[in-house]
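The values are calculated or read from the model by the stated rules, or taken from the named source; none is laboratory data. Note that the structure is a prediction, hence the values are computed from the model and not measured. All Cβ positions, glycine included, derive from the backbone under ideal geometry; neighbour counts span all protein chains shown.
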Amino acid sequence: MPEVAVIGGGIAGCAAAALLAEAGAAVTMYERDEIAAGASGRNSGILQHPMDPALAPLYEASLELYAGLEHGFTFPREASGLLVVGSDAAALAADRDAAAAEFPELAPELLAGAQLEAAEPALAGDLYAYRLDTGRPVPPADATRAWAERARAAGARLETGAHAGVAARNGRFEGVTVGAGGGHEDVSAAGHERVSSGGHERIWARGRVVPADAVVVAAGPWTAAALGAGPRWRAVGPLWGVVAQVRLARPPRHSIEQAGVEALTSPGAPSSLFSIVTAGGASAVGSTFTPDEPDAAAVAPVLLERGARYVPALRDARIEHVRACARPLSLDGRPLLGPVPGLDGVHLLSGHGPWGISLGPGSARAVVDGVLGNDAPIARELAAARFGAP
């Protein structure tokens, strides 16, 4: 039975811990704060097709895994629909045609005038839109905690408030350093060993080193630190988002996003575009996409002011609370999955950007297959190795 460490208690890390434990591995998951403390508990919360052919299989796998999640999680069996809205009818029509050609399964449908008003009364009357057959709103923290409970039920041990990083001995992977503030540590220096309930662990001045056969690094924006990456390896970094939660008397029937959201992770993109997702009566209005942590309290009213252009009821809405998070964005906007070059036994599960809830469990399944030696190669455009050794 392999001993596997998982670093990170977001949606991907919790799903990996559950799937590994259910497959018979002895799993310990380390989370520096608490379960769902990062983007997996603070984003808008929607299971949404990523509109990227390289990512679509991860999305489909995630839907299948969510359908059997249980542990307090209610899977929305039907998509509520996603409306992409704007004021430029020609541009939206061109986007709709492109979506129909590449993703016909989403049944893209142009809507305007009385037809759009009937489909979505919450929208302003001078907009155009196309509807996609996708979008299952879910409370993101609930989904993440359900995966954590599933991991516990399968026998995984979850340590919260535990900083962890990859440990190596004489340049070879050995396990994880715990309690030292995270980060790779070469444990070739002198130390001593003791026997604990989990086996041998080596105690160092900077923390304890817990042996493992493999480690899955699902540390989100802190991936580079957990790997102990050199200064030139910055394949995953933070992309900050702010979401304001409100309750509307008549919330939108659909999830809604302003046209252009898919380009927000590209160089030169705008730092904010409108979106609204409603789950359990609460509407999450977002969102920002900035490399530096914003002043969330100052940004939230601006989000509602801009959003009122699309959903007029937001103009008088009261903000219940504001949440901010650093999404883990890769250099090309796609996750980094699988073996890390130069560190045998270390596997990456990070870099999902705004797609963590939609792709996390499917990505975890792909990485877990690799950890367990199953014959399921990861596509080249998603492989962690594409950005070189850390």
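Out of the residues in segment 61-71 meeting the condition of being loosely packed, with under 14 Cβ neighbours inside 10 Å and at pLDDT 95 or above, tell me which one is farthest from A100 (Cα to Cα).
Per the stated criteria, the residue is G68.
So, in segment 342-366, how many residues would count as being in a helix (DSSP H, G or I), within 18 Å of G38 (Cβ to Cβ) and not polar (S, T, N, Q)?
Going through segment 342-366 one residue at a time, the tally reaches 9.
S283 - would you say it is within 20 Å of V242 (Cα to Cα) and surrounded by 24 or more Cβ atoms within 10 Å (Cβ to Cβ)?
yes
Might you check whether a residue that is under 20 Å from G45 (Cβ atoms) and either buried (at least 19 other Cβ atoms within 10 Å of the Cβ) or in contact (Cβ under 8 Å) with a residue 24 or more places away in the chain (or both) occurs anywhere in segment 230-239?
yes
In segment 41-63, is there at least one residue being under 24 Å from L127 (Cα atoms) and touching a His at 6+ places or on another chain (Cβ under 8 Å)?
There is no residue in segment 41-63 that is under 24 Å from L127 (Cα atoms) and touching a His at 6+ places or on another chain (Cβ under 8 Å).
Take segment 370-390 and flag every residue that is closer than 19 Å to V4 by Cβ and not in a loop (DSSP other than H, G, I, E, B).
Once the filter is applied, which keeps residues that are closer than 19 Å to V4 by Cβ and not in a loop (DSSP other than H, G, I, E, B), segment 370-390 yields G370, V371, A384.
For segment 86-100, name all the residues that are touching a residue at least 60 places away in the same chain (Cβ under 8 Å) and either in a loop (DSSP other than H, G, I, E, B) or not assigned by TED's automatic domain parsing to the domain that holds A308 (or both).
Across segment 86-100, the qualifying residue is only D88.
Any residue in segment 211-226 that is at pLDDT 85 or above, assigned to a strand (DSSP E or B), touching a helix residue (DSSP H, G or I) at 6+ places or on another chain (Cβ under 8 Å) and surrounded by fewer than 21 Cβ atoms within 10 Å (Cβ to Cβ)?
no
Name the single residue, out of those in segment 101-156 being assigned to a loop (DSSP other than H, G, I, E, B) and within 18 Å of the chain's Cα centre (by Cα), that is surrounded by the fewest Cβ atoms within 10 Å (Cβ to Cβ).
P139
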